[in-house]
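One structure is given below, encoded as structure tokens.
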Amino acid sequence: MRSALRLALSAWLLLSGGLAAAGPEPVATIELAADRVAEIRFVGNRITRPKVMLRELPFAVGERIDVGAVERGRQAILDLGLFKAVTAERGQEPQGLVITYTVQEKFYVLPTPRLDANGDGQFAYGAQLSWDNLWGLDHSLLVYGQQRDQQVQGVGKETQYFLGYFAPFVGDSRWSLGFNAGYRERPVFTPEGAYEESFESAQVLATRRLSSGPPSQGWKFGTGLYWQRQDTSGRVPPYGQATAPVLSLSYRDLRFHVYSEEGLQAGARLEAAREGLASDYDYARLGVGATRFLEPGGTAHQNLNLRGDLGLNWQGPVGHRSYSLGGSYILRGYDPDFLEGDAYYRVAAEYLRPIGWRWLRLLVIAEAGAVGSGPGDLPDQRIYSSLGLGLRLRLPAFVNFEVEAGVALPLSGGGGLRVFGSRV
């Protein structure tokens with residue numbers, strides 16, 4: 001009799017597991033919970049540690065889940081941007097549900113020559129090491145050295161060095177840490193004579209997750225220090241140095257679809273320095289920006305992206321301008337640094353549609369902006385606008401690798417048709 005009961009129970013569990021994968025979940029009639037997660041497995045993660053993916057899931061081992069939880073977990077893992085593809089399987093075993101996620105990892109280590117050029121005639125050459133998902137913990141490292149020609153009148157080739165490191169959720173906590181340091185030097189030519197100019201900067205920023213749910217999404221608050229120094233050798237007095245406490249607030253609700261995105265990203269940053277407190281001058285700077293990624297219509301990877309940015313700077317060194325519009329990145333229909341000042345705003349709309357391949361999309365851009373000599377002057381400034389047409393290419397085998405090229409036409413002032421090209 002007991003053997004027959006065991007055989008019947010085994011057959012029922014096997015049948016219920018098959019039905020769970022193909023149709024509605026069966027209602028548990030014994031003490032074993034058909035909707036309770038017994039195990040979470042990961043396949044294909046040669047580098048990525050399981051805990052990086054586990055913390056993104058909307059459920060944990062031992063919890064009951066609803067029908068859509070497995071798919072929400074699959075999307076949350078994909079939203080990390082570390083994988084070319086993520087699939088999910090749901091199986092039923094005697095101890096409960098077994099959820100299996102299979103991932104296809106991207107290339108994370110890229111030691112490459114650094115060759116960069118855009119439609120403004122600016123170019124750079126050097127060497128770079130880009131390392132994403134360092135230690136399998138989603139840490140990132142960027143190191144490069146290069147020579148850059150900014151194509152600015154009276155300024156020679158600039159030598160640049162940069163080191164940046166970011167570590168999310170240190171020690172499985174709510175805190176992430178970031179550090180970067182940079183150095184630049186260049187010759188400057190004036191009617192009074194030539195001199196060498198150098199810039200140094202360093203930043204330490206700690207951010208804390210504020211929202212519940214997947215830790216890579218939601219609200220984050222940050223605080224830290226930003227230090228900068230400008231020096232000269234020659235007739236021109238240097239600006240000196242400034243040390244500014246930094247506050248930041250960011251929000252992310254973004255769905256990553258490998259070749260496109262959907263959702264919202266927004267952020268604000270405030271930094272301020274006080275003369276006499278490890279600073280040679282006063283200044284305060286506020287930056288605010290947001291981008292909305294929409295997927296209109298029924299075409300996969302078709303996007304309408306709406307973006308807005310605002311920057312305000314108070315005081316600072318005499319003769320120094322904090323912002324500029326124009327070039328291959330902001331207000332593409334105008335020459336580099338067409339507008340300069342201590343306050344600006346810019347709005348833009350981008351339409352993207354795949355043409356032939358998912359990784360290649362048609363790009364249509366409409367953007368407008370203004371620059372003022374200071375925050376109080378910004379409302380009265382002339383608005384400049386441009387239209388652009390081009391292509392945007394994304395290679396999914398690499399993390400955050402996307403480039404664009406095209407032509408843009410200024411609609412108010414400026415010159416004629418301009419070629420633009422850059423990494424997004």
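The values are calculated or read from the model by the stated rules, or taken from the named source; none is laboratory data. What you are looking at is a predicted structure, and each value in this text was computed from that prediction instead of being measured. Note that each Cβ is placed from the backbone with ideal geometry, even for glycine, and that neighbours are counted across all protein chains shown.
Give the residue, chosen from Asp138, Asp79, that is modelled with pLDDT of 95 or more, within 17 Å of Phe401 (Cα to Cα), touching a helix residue (DSSP H, G or I) at 6+ places or on another chain (Cβ under 7 Å) and of a type in the set (D, E, K, R).
Asp138 is the lone residue from the list that is modelled with pLDDT of 95 or more, within 17 Å of Phe401 (Cα to Cα), touching a helix residue (DSSP H, G or I) at 6+ places or on another chain (Cβ under 7 Å) and of a type in the set (D, E, K, R).
Taking the range 212-232, which residues are over 19 Å from the mean Cα position of the chain (by Cα) and β-branched (Val, Ile, Thr)?
Of all residues in the range 212-232, those over 19 Å from the mean Cα position of the chain (by Cα) come to 212-213, 224-232.
Once the filter is applied, which keeps residues that are over 19 Å from the mean Cα position of the chain (by Cα) and β-branched (Val, Ile, Thr), the range 212-232 yields only Thr232.
Does Arg235 satisfy the condition of being assigned to a loop (DSSP other than H, G, I, E, B), among the basic types (Lys, Arg) and either modelled with pLDDT under 95 or within 19 Å of the chain's Cα centre (by Cα) (or both)?
yes
Any idea which of Ala343, Ala366, Ala370 is modelled with pLDDT of 95 or more, out of contact with any Lys or Arg (no Cβ under 8 Å at 6 or more places or on another chain) and over 30 Å from Phe256 (Cα atoms)?
One residue alone meets the criteria, Ala343.
Return the only residue of Phe162, Phe123 being free of Cβ contacts under 8 Å to residues at least 24 places away in the same chain and either in the same structural domain as Leu331 (by TED's automatic domain parsing) or within 29 Å of Ser233 (Cα to Cα) (or both).
Phe162
Residues are listed down the side, and each one gets a yes or a no for (1) assigned to a loop (DSSP other than H, G, I, E, B); (2) in the same structural domain as Ile40 (by TED's automatic domain parsing); (3) more than 11 Å from Asp35 (Cα to Cα):
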residue: Asp66; (1), (2), (3): yes, yes, no
residue: Glu71; (1), (2), (3): no, yes, yes
residue: Ile77; (1), (2), (3): no, yes, yes
residue: Leu80; (1), (2), (3): yes, yes, yes
residue: Ala85; (1), (2), (3): no, yes, yes
residue: Gln92; (1), (2), (3): no, yes, no
residue: Val98; (1), (2), (3): no, yes, no
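How many residues, within the range 150-165, are buried (at least 18 other Cβ atoms within 10 Å of the Cβ) and more than 12 Å from Arg184 (Cβ to Cβ)?
Residues that pass the stated criteria total 0.
Being more than 26 Å from Phe83 (Cα to Cα) and crowded, with 16+ Cβ neighbours inside 10 Å: is that true of Gln147 here?
Working: more than 26 Å from Phe83 (Cα to Cα): yes; crowded, with 16+ Cβ neighbours inside 10 Å: no.
Answer is no for this residue.
Identify the residue in the range 295-305 that is touching a Leu at 6+ places or on another chain (Cβ under 9 Å) and either surrounded by 16 or more Cβ atoms within 10 Å (Cβ to Cβ) or touching a residue at least 40 places away in the same chain (Cβ under 8 Å) (or both) and, among all such residues, is nearest to Trp359 (Cα to Cα).
Ranking the candidates gives His301 first.
Here are some residues: Ser173, Ser140, Ser130. Which one is within 30 Å of Phe221 (Cβ to Cβ), surrounded by fewer than 16 Cβ atoms within 10 Å (Cβ to Cβ) and either over 25 Å from the mean Cα position of the chain (by Cα) or not assigned by TED's automatic domain parsing to the domain that holds Ser422 (or both)?
Residue meeting the stated conditions: Ser173.
State all residues of the range 43-79 that are farther than 14 Å from Val98 by Cα and free of Cβ contacts under 8 Å to residues at least 12 places away in the same chain; if no residue qualifies, say none.
Pro50, Gly68, listed by residue number.
Of all residues in the range 327-340, which are touching a residue at least 40 places away in the same chain (Cβ under 8 Å) and touching a strand residue (DSSP E or B) at 6+ places or on another chain (Cβ under 7 Å)?
Ser328, Tyr329, Leu331, Arg332, Gly333, Tyr334, Asp337, Phe338, Leu339
What residue, among those in the range 400-419 that are within 23 Å of the chain's Cα centre (by Cα) and buried (at least 19 other Cβ atoms within 10 Å of the Cβ), is farthest from Leu304 (Cα to Cα)?
Gly406
Can you pull out every residue in the range 384-424 that is of a type in the set (S, T, N, Q) and more than 22 Å from Leu339 (Cα to Cα)?
Matches in the range 384-424: Asn400 only.
Scan (1) of a type in the set (S, T, N, Q); (2) at pLDDT 95 or above; (3) farther than 25 Å from Ser173 by Cα for the single condition Gln92 breaks and write down its number.
(2)
Given the residues Ser386, Ser422, which is the only one that is surrounded by fewer than 20 Cβ atoms within 10 Å (Cβ to Cβ), in contact with a strand residue (DSSP E or B) (Cβ under 7 Å, 6 or more places away or on another chain), among the polar types (S, T, N, Q) and in a strand (DSSP E or B)?
Ser422
Consider Leu378 carefully, then state whether it is buried (at least 22 other Cβ atoms within 10 Å of the Cβ), out of contact with any helix residue (DSSP H, G or I) (no Cβ under 8 Å at 6 or more places or on another chain) and under 27 Å from Trp314 (Cα atoms).
no
When you look at Ala278, is it surrounded by 16 or more Cβ atoms within 10 Å (Cβ to Cβ), in contact (Cβ under 8 Å) with a residue 12 or more places away in the chain, among the aliphatic types (A, V, I, L, M) and under 30 Å from Arg321 (Cα atoms), yes or no?
no
Taking the stated definitions as given, is Arg255 among the basic types (Lys, Arg), touching a strand residue (DSSP E or B) at 6+ places or on another chain (Cβ under 7 Å) and closer than 30 Å to Asp172 by Cα?
Yes, satisfied.
Can you tell me how many residues within the range 111-152 are among the aliphatic types (A, V, I, L, M), assigned to a strand (DSSP E or B) and closer than 16 Å to Tyr165 by Cβ?
5
Hey, can you tell me all the residues within the range 397-424 that are among the charged types (D, E, K, R) and either modelled with pLDDT of 90 or more or over 22 Å from Val258 (Cα atoms) (or both)?
Glu402, Glu404, Arg418
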